[in-house]
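A.B. asks: If you scroll down you'll find the structure; I have some questions about it.
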Amino acid sequence: MDEPTAERWNDVDTYLTETLVEEDGALRAAVASLATEGLPLIEVAPLNGKLLHLLARMVRAERVLEIGTLGAYSTIWLARALAASGRVVTIEAEPHNARVARHNLERAGVADRVDICIGRAADVLPTLVDEDPFDLVFIDADKESNTVYLDWAAKLGHPGTVVVLDNIGRDGEIVRDDSTDPKVNGTRAGLRMLGEDPRFDATALQTVGIKGWDGIALALVV
Ligand code: DHB
Ligand code: MG
């Protein structure tokens, strides 16, 4: 057996991606735009984009909420899971990111299904209470606010809403008692909430591969 090194994990990640995930030019262009437009290269991995897409189809989502648009790579995956009448509401704090995202969504042919809300999610989320509830919520923004976002996911969802929380592993930092990283603290607080809050039933998966050692939590609003 090979040693489980980062290089081997990347090889397997690449193999799985090549075998199972078909990325078209628009998805590849969305990833490429992050570097050229000066955005951080923290989009979800292709396998995770496909997972979001499949989850949305599995629950026959008509309304999807995304917190943290970045360049809309994950947004494209989610939007392509919806019928033409479906809607993704995606929240982005940085106007420049939102402009890049808009362009990427147009190139992918799904801009008509996506509303980009520009602003701090904590300010935008309360404005969504009068809309129809969301069937799937993807939380991938500032980790310090994870509990705030999970609270809104429960409020804006319904029993059966699927919640995906990104970046729950953080290179293993999550179990380092001496970590002072506020992102780690926010991630732990979010996981604690998913474990204790009776509105959720949750699990989590570690991931290794092209995005390093990380993971996602997957929750059901009960
Ligand atoms: C970070 C945020 C992300 O959403 C991600 O996928 C990876 C890293 C970060 O803020 O460090
Ligand atoms: Mg992320």
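A.B. asks: Being away from ligand 1 (no atom under 14 Å from the Cβ), charged (D, E, K, R) and open to solvent by 70 Å² or more (accessible area, probe 1.4 Å) is the filter; apply it to region 166-199 and report the residue that is modelled with the lowest pLDDT.
C.D. replies: Checked region 166-199; the qualifying residue modelled with the lowest pLDDT is D177.
A.B. asks: Further, regarding this structure: Restricting attention to region 89-100, does a residue exist that is crowded, with 24+ Cβ neighbours inside 10 Å, more than 14 Å from ligand 1 (Cβ to nearest atom) and either assigned to a strand (DSSP E or B) or in contact (Cβ under 8 Å) with a residue 24 or more places away in the chain (or both)?
C.D. replies: No, region 89-100 contains no residue that is crowded, with 24+ Cβ neighbours inside 10 Å, more than 14 Å from ligand 1 (Cβ to nearest atom) and either assigned to a strand (DSSP E or B) or in contact (Cβ under 8 Å) with a residue 24 or more places away in the chain (or both).
A.B. asks: Report the residue count in region 119-135 for those that are crowded, with 16+ Cβ neighbours inside 10 Å and more than 16 Å from ligand 2 (Cβ to nearest atom).
C.D. replies: Count: 7.
A.B. asks: For the condition near ligand 1 (Cβ under 10 Å from one of its atoms) and surrounded by 17 or more Cβ atoms within 10 Å (Cβ to Cβ), what is the one hit in A154, A141?
C.D. replies: A141
A.B. asks: Quickly run through region 34-74 and pick out the residues that are away from ligand 1 (no atom under 12 Å from the Cβ), open to solvent by 10 Å² or more (accessible area, probe 1.4 Å), assigned to a helix (DSSP H, G or I) and not basic (K, R).
C.D. replies: A35, T36, P46, L47, L51, H53, L54, L55, M58
A.B. asks: Is it the case that some residue within region 202-220 is of a type in the set (A, V, I, L, M), open to solvent by 60 Å² or more (accessible area, probe 1.4 Å) and more than 25 Å from E7 (Cβ to Cβ)?
C.D. replies: yes
The values are calculated or read from the model by the stated rules, or taken from the named source; none is laboratory data. All figures in this text were calculated on a predicted structure; none of them were measured in a lab. No Cβ is skipped: glycine too gets one built from the backbone with ideal geometry, and neighbour counts run over all protein chains shown. Please note that ligands, DNA and RNA were not included when accessible areas were found on the heavy atoms of the full protein model with its side chains. Shrake-Rupley method; radii C 1.70, N 1.55, O 1.52, S 1.80 Å.
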